[in-house]
Amino acid sequence: MTRTVIGDMVKGRYITAERLRVAVHACGVPGLQVSRWLETFSLISRRAAGASSFVRVPVPSGIHGQGQHLPSLVPVVAGLPRDVPDLIGRSEELDALLGQTGGGRVMSIHTVDGMAGVGKTALVIHASYRLAERFPDGQFFVDLHAHTPGKAFTDPADVLADLLTDIGVDPQQLPDTLASRRTMWRDYTATHRILLVLDDAADHAQVEPLLPSGQGCLTLITSRSRLVALDAAVPLAVDILDPTGAAELFWMLSRRVPGTGEDAAVEQIVRLCGYLPLAIVLLAGRLAHHPKWSISILATEFATTQNRLSELAAGPRAVHAAFDMSYRNLPPHRQRLFRRLGLHPGRDIDAYAVTALDDITLDSARSELDSLYTDNLIEETSPGRYRMHDLLREYARTLARAESEDHSARPIDRLLSYFQFTAHTANQYLTRSSHRVVLNLESPPSESPGFPDSTAALTWLQSERLNLLACIDFAVNTDRRAQTVGLTYAISSFLRSQVPRPHAISLHQQATAAAHQIGDRIGEASSLLALADLRQLLGDYSSTAELSQQALTIFRGIDHRLGTADALGSLGWALWRLGDLAGAADLHQQALTIFRRIGERLGEANALDDLGRIEGQIGNYQTAHQLHAQALTIYRDLENHIGHAGALHGLGLTSHRLGDYPRAIELHTQALRMYRALRERLGEASALHDLARTHRQIGDYTTATDLQTHALDIYRDLAHHHGEANALHEIACTHHQIGDHDHASELHTRALDIYRRIGNLAGEAQALAGIARAQAATSTNTQSATELFERALSIYRQIGSREGEAETLNDLGTLMTQIREPTKGQQFHQQALELAREMQSPLEEARAREGLARCWVQRGSPAHAIDELRDATAMYTRIGAAEKERATTYMAQLQHLQQESTAETVIET
C-alpha cells in the first residue's frame, strides 16, 4: 500500500473494501475482527450509495494469485471529490464536455488545459458528476501532483497500483513493473465502463500508461500544459471568466447581494483579479468572513496595494504558490525568458520582440513562445502574438525585479531599440517628410520584420500600437529621454493619423521637453514641427505658426538645411490657412529652393504639392495643375504612397476648377482608394469632400449629400474643425441648389462660427457669401445680402484669392439684377469675367456671361443677351455643369420672345 493510498484513507477519501482489509490487517487487527470491519464498511457503503453499488466482478486474467481469488463481492469505486454545486461562467465548456461524451460512441480521452487557477479541476469534477451514471463500473479520481507544492510528480506505477487495488487486486499480487501493471489495468478496463479523472498532469508520458483501453471508458485529464503529444485526445482550453461570470462568482462566494450600490467596486475587483477564478475565490472568501467590510474599501485597497499577489492567499491556497510551481518546472533558459516577459511594458509580444528582449535567434524565440504557450503561461491573442495574464505578468515582473538593475535594464533597452528601429522603418511608408532625427541606437536589433509595402507597414504599426505607446510611457517614466524622443519621432506620422489628437499632442510635448533637457536640438525642433502639424489639424493656426517659427529658429541656428526647409513649409501652411496666400507661397518657394539644392526629392515633392494648393486658391489654375503633376511624378518615383494620394487629390482640385468634372471625379476617386488603403482618415475625408463638391457641381445632389455627410462624420471623429466647417459649407451649398434656402443659411452660419473660431479667413468669406446667397434667394433682405457679399469680397481681396473674388463678384451681379440694378450688375459680372479668363475658370466665366445676359435683357438688349447666353450654355455643356439646363431654358425663352417681338414681356419677368 503506497503512501498516497494511506494518506487518502486517513482523510476519508477513496476507501474501498480491499484497501480497508489490507489496512486493518497491517494494523494487527485479528482475522475475525477484520470480517466485522468489512461487514460494517459494506453496510455503510450500501446506505450511502444503494445496494446496486455492489456488483459481482469477473476476475481478469492475471489477477488470480496462486490459490487466491478476489472476493466475489467488490464495491464499485465512486471516488470523485466533492462537487461544486454551482459552476458559474462555464456553461459553454461544460456543454462541450457533456456533448462530446454523450450519445453514441464515447470520445474516450479529453484533455482540459489552462493556466494555474483558471478552474480546470472544478469544471472536470462537475462534469464527472453529470456523467457518472453512464459509467456503472466506477468513477476514479487521481491527483497526479504536477504542481502541488512539496510533492513530486506522481509515479504512474504507483497510480496503477492504487487503481488495481481499488478494483480488487490483492496488493500482494500486484506486478512489479510498470508495463505489467499497465497490461493488467487495460485488461480490466477492456470489459468495464469506467470514468477516470487524471488531475494536474505533468505531460503525456505521465498519463499515457494510465489510459483505459475500453471504448466504453472515459478519461478526463486536466493539465496546465497543452498535451499535444497525447494521441486521439480531444482538447478543451479553459480561459479566464468573462466579466459577467467573474462578478457573479464574486457575489456568490462573498455572500453579498448585487444591486446594493457596489456593483462598480465588484467590477473593479474582478478586473484586478484578471478574471482568474482562483484569485476571485480567495478574495471573495476573505470578504465572506468579514461581513462588516465594505466592498468599495476592499476594491480601493486592492487597487493600490504594491503586491496584489500577496493579497490573494488563504492558508495553503495562494495564487503566488500556484504560479511558483509552474515557473519551477521550466528549464533555466525558459525561466529567464519568462522573467523578462514580465518587464515588457506592453500588452502582447511576438517573436521579433522576444528576439530583442531575450537576445536570442528568431527561430529560438518562436520555439520558446510555443513552449510557454503549451505550458499555458502565455495565451495566443492572434496568430504569432502572445500575452501574459495580468497576474502572471505581475509575478514575472516581481521575479525580474529581484535581479540586479543592470541585468534587467539591458533587455528593456534592447526591446526599446527594436521598437524604435522597426517603427522608424514602417513610418517611412506613411510620411510626407524626410527623416531629420538620425537613429542612434545602443543596441540595434538583430532581427526586424521587413515591409514590402505601405499596407504591411501600417498593419505592423496598428498591431503594435498599444505596445509602442506603452514603450514611450515607460521611457518617460524611467527618464530614458533619448528613447522618449526617438520612439515618439519614429511614429510621428502614425500618431498624426491613428491616435487621438490630445494624446498625440501630449506625447510630442513630452518629447520636446526631453530633447531640450538633453540638448538634442534636432530632436527638439523636429518635435516642435510635429506639434505644429497637430495644431494645424485642430485649426489652431496661430499656434502652428508660432511652433513652426520656433523650429525654424533652431534649425537655422544649427545650420540644418533639411530642417530649415521643413520648418519653412510648416510656417507656409499656417500662413495659407490664416489667409496670407502671398506670404505662404513665398515660404514654400524658399523651401523648394533648399530642397532642390540639397537633393532632397521628397521635400521637393512636398513643396511642389503645397505650392499647387496655394496657387489653386489664388486662381492660377494651370500653374497649380503643373505643380501637382510635378509632385506626382516624384512621389511615384519614390513610391511614397501618401504623397501620391495627395498629389492625385490636388490634380482633382485643379481639374474641377478647370471644369473637367469627369477627370476630377476620376482623380478624387483614385485618391480616395489610396487613402483608404493607407487608412489615412483625414485624407479620406478630404477626398470625399471634394468628390462630393464635384458631384454637386454636375447636379448629382443625392450622391453629393451622401459623400459630404460621410466626410463630415470623419472630420468630427478626428476633431478636424476646418474640415468640419468645409463639409457644413458644402452641404449648405447643396441645400441652396435644391431650393432649401433656410436650411442652407443655418448650415452656413454654423460653418461661419467654426471658421471665425479657428481664424480661417477664406472659410469665413465663403460662409458669409453662402449666407448672403440664401438671403438673396428668398428676397427677404437684399440689403443684408449685399453687405454680406461685400464683406466676403473684401476678405477675398485681402488674402489674394481671385477664385473667391470671381465667385463673389458673380453673386453680387446676380443680386443687382434681382433688385433691378442692371448697370451695377453688369459691372460686377464684367469684373468676374475678366478674372475668370485670367484663371481659365470655365464655370465662373459661364456664370459671368449668363449674368451679363440677364443684365442686357433688363437694359432692353435681348440680342446681346442671346449672344452671351450662347457662350454660357456652350461652356456649361462642355464642362457638364448643372447650370446648363437653367441657361438653356432661359435662352430658348428669349429666342422665342424675340421672334415674336415681345421682349418687353421678358423684361417684366
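Every read-out reported here was derived from the displayed coordinates using simple, explicitly stated rules and does not represent laboratory data. This structure is a prediction, so every number in the text was calculated from the model and none was measured. Positions of Cβ are generated from backbone atoms using ideal geometry, with glycine treated the same way; all protein chains shown enter the neighbour counts.
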Taking a label point 7 Å from the Cα of ALA513 along Cα-to-Cβ, the residues of segment 472-495 whose backbone nitrogen sits under 20 Å from it are 472-492
Two-decimal Rg to Rh for the chain - Kirkwood Rh, Cα set: 1.19
Mind ordering 344-352, 178-186 by average Cβ neighbours within 10 Å, highest first? 344-352, 178-186
Over all distinct alpha-carbon pairs, what is the Kirkwood Rh of segment 73-224 in angstrom? 15.9 Å
Calculated [θ] (222 nm, deg cm²/dmol) that DSSP helices of n ≥ 4 give over the chain, each run adding -39,500 (n - 2.57): -21500 deg cm²/dmol
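Pairs on different chains or at least eight residues apart, Cα atoms closer than 26 Å: how many lysine pairs in the chain fit? Don't skip to the answer; put the middle values down first.
On the way: LYS11/LYS120; LYS11/LYS151; LYS120/LYS151; LYS824/LYS884.
For the chain, the number of qualifying lysine pairs is 4.
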With the crude spin-label approximation of a point 7 Å out along Cα→Cβ, what separation in nm comes out for THR877 versus ALA402? 9.0 nm
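Given an 8 Å cut-off on Cα distances and at least 6 residues of separation, report the relative contact order of the chain as a percent.
On the way: 1447 pairs, mean separation 53.9, N = 909.
Dividing the mean separation by the residue count of the chain yields 6 percent.
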Once label points are set 7 Å from the Cα along Cα→Cβ at both ARG601 and GLU380, what is their separation, rounded to one decimal in nm? 4.3 nm
Helix 295-304: angle to the longest alpha-carbon principal axis of the chain, degrees 0 to 90, nearest 10? 80 degrees
I need SER443, SER492, SER382, SER497 ordered by Cβ neighbour count within 10 Å, fewest first. SER382, SER443, SER497, SER492
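Obtain the radius of gyration and the Kirkwood radius of segment 151-299 from its C-alpha atoms and give Rg over Rh.
Reported Rg/Rh, Kirkwood definition of Rh: 1.18.
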Could you order peptides 798-811, 327-340 by the average number of other Cβ atoms within 10 Å of their residues, highest first? 798-811, 327-340
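Report the FRET efficiency, 1/(1 + (r/R0)^6), for SER794 and ALA719, where r is their Cβ-Cβ distance and R0 is 30 Å, rounded to 0.05. Numbers along the way, then the final one.
Values: r = 31 Å, r/R0 = 1.02.
After rounding to 0.05, the efficiency reads 0.45.
Among DSSP bridges having both ends in the chain, what percentage is antiparallel? Round to the nearest 5.
Values: 11 of 31 bridges.
Antiparallel bridges: around 35 percent, rounded to the nearest 5.
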Tilt, helix 541-557 to longest principal axis of the chain (alpha-carbon atoms), in degrees rounded to tens, equals 80 degrees
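Given the convex hull of the Cα atoms of segment 737-808, what is a quarter of its surface area in nm²?
That works out to 4.5 nm², a quarter of the Cα hull's surface.
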Angle in degrees between helix 842-858 and the longest Cα principal axis of the chain, rounded to the nearest 10: 40 degrees
Among 582-594, 737-749, how do they line up from the highest to the lowest mean number of other beta-carbon atoms within 10 Å? 582-594, 737-749
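Arrange the following residues from fewest to most other Cβ atoms within 10 Å of their Cβ: GLU311, GLU380.
Working: GLU311 19, GLU380 14.
Fewest-to-most ranking of GLU311, GLU380: GLU380, GLU311.
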Determine ³J(HN,Hα), in whole Hz, for all residues of segment 729-734 in sequence, where each value follows from phi through the Karplus function 6.51 cos²θ - 1.76 cosθ + 1.60 and θ = phi - 60°; x replaces Gly and Pro. 4, 5, 4, 4, 4, 5
Relative contact order (%) - criterion: Cα under 8 Å, at least six apart; region: segment 689-752: 28 percent
Would you order TYR386, TYR661 from fewest to most other beta-carbon atoms within 10 Å of each residue's own beta-carbon? TYR661, TYR386
Per residue, the convex hull enclosing the alpha carbons of segment 330-403 has a volume in Å³ of 82 Å³
State, to one decimal in nm, how far the label point of GLU838 lies from the label point of ALA132, with both points 7 Å from Cα in the Cβ direction. 9.8 nm
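Please report the orientation-averaged projected area of segment 498-577, defined via the convex hull of its C-alpha atoms, in nm². Can you show the working numbers first?
On the way: hull surface 19.4 nm².
Mean shadow area of the hull around the Cα atoms is 4.9 nm².
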What are the residues whose amide H is under 5 Å from the amide H of PHE141, where those residues sit 5 or more places off or on another chain and H is modelled from the backbone? GLY79, VAL197
